[in-house]
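Shown next, in structure tokens, is the structure this report addresses.
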Amino acid sequence: MRDIREMILEFVEREYKLPDDIDTDTYDLVENGYIDSMSMVVFVSLLEDEYDIEFTAEELLSDDFKTVGGLEKLVQGKIDARGGQA
């Protein structure tokens, strides 16, 4: 399995280059137009398949799902909960 942060950044930067001067842990990827609704569907599927996890509706709507740091924390938490490793 790939590093969680690396995978998230790779996905976002397939289409867009993130500014160098941002804090990716807190930068809102949705609000700033880096992930739209269609790419979110693809992205969720990719994360779930890659890490053998499932997100709840509440998680998909949470603020954590909008930032690299938040996403990394959500994915790692799900991996830890099942006793696996990323």
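Readers should treat all values here as calculations from the given coordinates under stated rules, not as data from a laboratory. Everything numeric in this text was worked out from a predicted model, so none of it was measured. Reconstructed Cβ throughout: ideal geometry from the backbone, glycine too, with neighbour counts over all protein chains shown.
Odds and ends about this structure:
- Residues of segment 46-86 satisfying the condition of being of a type in the set (Val, Ile, Thr) and more than 12 Å from the chain's Cα centre (by Cα): Ile53, Thr56, Ile79
- Residues of segment 13-52 that turn out to be touching a helix residue (DSSP H, G or I) at 6+ places or on another chain (Cβ under 9 Å) and hydroxyl-bearing (Ser, Thr, Tyr), as a count: 6
- Test: residue in segment 47-62 that is more than 27 Å from Gly83 (Cβ to Cβ) and not small (Gly, Ala, Ser): no
- Residue count for segment 1-24, restricted to those that are under 14 Å from Val75 (Cα atoms), touching a residue at least 12 places away in the same chain (Cβ under 8 Å) and charged (D, E, K, R): 3
- Count of residues meeting criterion [more than 18 Å from Leu9 (Cβ to Cβ), among the aliphatic types (A, V, I, L, M) and surrounded by 15 or more Cβ atoms within 10 Å (Cβ to Cβ)] in segment 38-62: 1
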